[in-house]
Protein chains: 2
Amino acid sequence: MKATTAPVTLTGLKKACSQCNLFELCLPFGISETDFLRLDDLVGSQRKIKRQQPLYRSADPFEAIYAIRAGSFKSDVLLEDGREQVTGFQMTGEILGLDGIGTGVHSCNAIALEDSEVCVIPYARLEEFARSIEGLQHQFHKIMSREIVRDHSMMLLLGSMRAEERLAAFLTNMSQRCTARGFSPTEFHLRMTREEIGSYLGLKLETVSRAFSHFQEKGLISVQQKHICILDAEGLKKLIQHQPCMH
Amino acid sequence: MKATTAPVTLTGLKKACSQCNLFELCLPFGISETDFLRLDDLVGSQRKIKRQQPLYRSADPFEAIYAIRAGSFKSDVLLEDGREQVTGFQMTGEILGLDGIGTGVHSCNAIALEDSEVCVIPYARLEEFARSIEGLQHQFHKIMSREIVRDHSMMLLLGSMRAEERLAAFLTNMSQRCTARGFSPTEFHLRMTREEIGSYLGLKLETVSRAFSHFQEKGLISVQQKHICILDAEGLKKLIQHQPCMH
DNA sequence: CGTATCCTTGATTCGCTTCAACATTAGTGG
DNA sequence: CCACTAATGTTGAAGCGAATCAAGGATACG
């Protein structure tokens with residue numbers, strides 16, 4: 001239990017869940033009104049993480065899961081020879097840390113892509129609350145299940161799509177998640193580098209860059225560094241399913 | 001709610017969990033002795049699935065998770081254009097169906113690789129039991145978490161390993177799982193085809209076949225169709241971490 | 001025993017990676 | 001505030017690993 005980052009405990013100052021406008025993206029969703037107020041005791045504290053700093057690292061002991069209140073993260077796993085695989089990008093309202101429950105130890109790194117803030121949900125307390133609040137248990141199971149389904153669709157992407165299909169799927173997914181958060185579905189700022197996108201999609205950064213350029217030439221998107229405008233969302237979606245030739 | 005396969009209800013005839021020698025691989029693990037006897041009511045029924053038949057299909061309504069009592073399965077997801085990605089191979093003592101919790105609908109197909117038998121665990125009953133049996137809730141969370149970690153390591157494999165590294169990782173994993181089940185770690189029979197292995201590893205069947213042949217030439221394994229002998233387990237493990245050149 | 005399925009192996013092609021050079025932006029300190 | 005430097009992004013040319021195409025062989029199944 002090494003205190004890597006100073007935990008900014010603000011409990012009492014501000015209620016964690018009952019006043020949070022993210023609840024419908026987050027763990028407290030689908031919970032009755034009376035139970036809802038009890039959730040403020042579920043969140044232990046809040047923590048601020050600076051850009052490029054880890055929320056937790058692989059091999060850290062698992063004690064809590066985290067709900068992202070502001071900012072965004074990447075999760076990655078490393079091979080001893082230095083190869084990195086980004087396993088996901090998480091944004092506001094999403095949950096981090098589920099990988100640690102099985103073994104009691106985290107199996108990946110969670111790194112902030114920008115200055116961020118998370119709610120710390122001690123796992124022991126979550127289990128206890130889940131036993132008495134029916135909706136909480138179910139919502140937690142749903143979140144884990146959706147993570148599994150998401151991972152399966154990433155396996156589909158990594159195992160059987162070509163480079164431009166992968167990037168089209170990535171952009172479409174980003175757009176959908178922006179929509180769910182009330183942001184523009186057609187215009188957004190990528191918080192991650194080309195290399196991180198490449199690692200996520202199983203491609204090299206040059207390939208990612210070339211695919212971006214090609215999409216721009218075709219009038220599907222407009223790219224200015226990390227700023228993306230989607231000009232033809234339907235065109236992108238078509239790209240995902242159609243591999244050019246193959247008879 | 002279409003009754004696709006006849007459910008072979010044997011309740012009462014034989015207690016499901018308390019007399020099952022698989023419990024330490026399965027859901028009931030880590031549960032106190034008194035609670036253990038109650039688990040027989042958790043399992044609704046048992047079902048036999050013939051080789052090549054589905055336990056469930058994508059888009060089927062989700063009602064239960066399944067514990068494999070005998071046999072083995074593959075899970076796969078399909079793209080509309082026909083491409084298939086095998087997302088996992090499940091064997092005795094493992095749990096199937098977790099993908100359905102999030103949406104209430106299954107998101108993949110589970111197909112028996114041989115004549116198999118599963119315990120049907122109605123999800124509503126599981127949630128109810130988990131609320132009163134502390135160890136069951138925790139064990140269920142552990143199983144889901146481990147599935148997520150496993151999926152992440154598959155993403156690492158699909159995203160950043162070369163063909164022979166992938167097959168070496170696959171064989172090493174199979175060997176470990178055989179060990180956990182009390183089977184020989186060095187000699188086993190693959191239930192799946194080269195094409196299914198290829199789909200799982202993001203490779204074509206010819207590449208899988210060539211890699212098998214190459215491993216045999218190097219004296220790492222001995223291959224006779226689906227029958228595999230591991231001759232140099234350490235050699236296989238070394239292959240996973242070392243990509244040949246790259247400076 | 002015949003047929004369909006599965007597996008192996010070789011030759012060729014193609015998509016992505018690698019290598020390399022340069023452009024642009026962001027970050028830092030004088 | 002600007003100069004300097006590091007980090008990030010773009011683009012081109014060459015190389016390589018796996019896919020594709022193709023043919024033959026082994027095995028399982030009815």
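We did not get these values from a lab; they are worked out from the coordinates using the rules stated. Treat the numbers as computed from the prediction; the structure is a model and nothing was measured. Here the Cβ is made from the backbone with ideal geometry for all residues, glycine too, and neighbour counts use every protein chain on show.
Listing for the model above:
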quantity	calculated
Fully extended contour minus Cα-Cα distance, from A:GLU114 to A:GLN225, at 0.36 nm per residue	38.3 nm
Cα-centre dipole for the protein assembly as shown with unit charges at Cβ (Lys and Arg positive, Asp and Glu negative), debye to 20	420
Most mobile of B:VAL118, B:VAL43, B:VAL149 in a GNM of chain B (Cα contacts under 10 Å)	B:VAL149
More than 18 angstrom apart: percent of Cα pairs within the range B:44-132	42
Net charge over other residues, Cβ less than 10 angstrom from the Cβ of A:GLN52 (K, R count +1; D, E count -1)	0
Positive dipole terminus of the protein assembly as shown, leading residue within B:GLY71, A:ALA70, A:MET192 (C-beta point charges)	A:MET192
Surrounding net charge for A:GLU114, when Lys and Arg each add one and Asp and Glu each subtract one, Cβ distance under 14 Å	+4
Pairwise label distance in nanometres, A:ASN21 with B:LEU78, each label 7 Å out on the Cα-Cβ vector	4.4
C-alpha long axis of helix B:123-132 to longest principal axis of chain B, angle in °	70
Viscosity 0.692 mPa s, temperature 37 °C, Stokes-Einstein D of the protein assembly as shown from Kirkwood C-alpha radius, µm²/s	136
Separation of alpha-carbon centers, the range B:108-173 and the range A:168-247, rounded to whole Å	30
Per-residue [θ]222 nm for chain A (sum of -39500 (n - 2.57) over DSSP H runs n ≥ 4, rounded to 500)	-11500 deg cm²/dmol
Point-to-point label distance, B:ARG146-B:ALA59, nm (Cα→Cβ direction, 7 Å offset)	3.3
Label geometry 7 Å along the beta-carbon vector: A:SER209 inter-copy distances in nm	4.0
In chain B, lysine pairs closer than 25 Å at Cα, eight or more apart or cross-chain	25
Three-way shape label, the range A:130-247, alpha-carbon gyration tensor, a/c 1.5	prolate
Chain B: C-alpha gyration tensor shape, a/c 1.5 cut-off, then a/b vs b/c	prolate
Anisotropy class of the range A:149-216 from Cα gyration tensor, a/c 1.5 cut	oblate
On Cα atoms only, tilt of B:134-160 relative to the major axis of chain B in degrees	20
Degrees, to the nearest 10: A:205-217 long Cα axis against longest axis of chain A	60
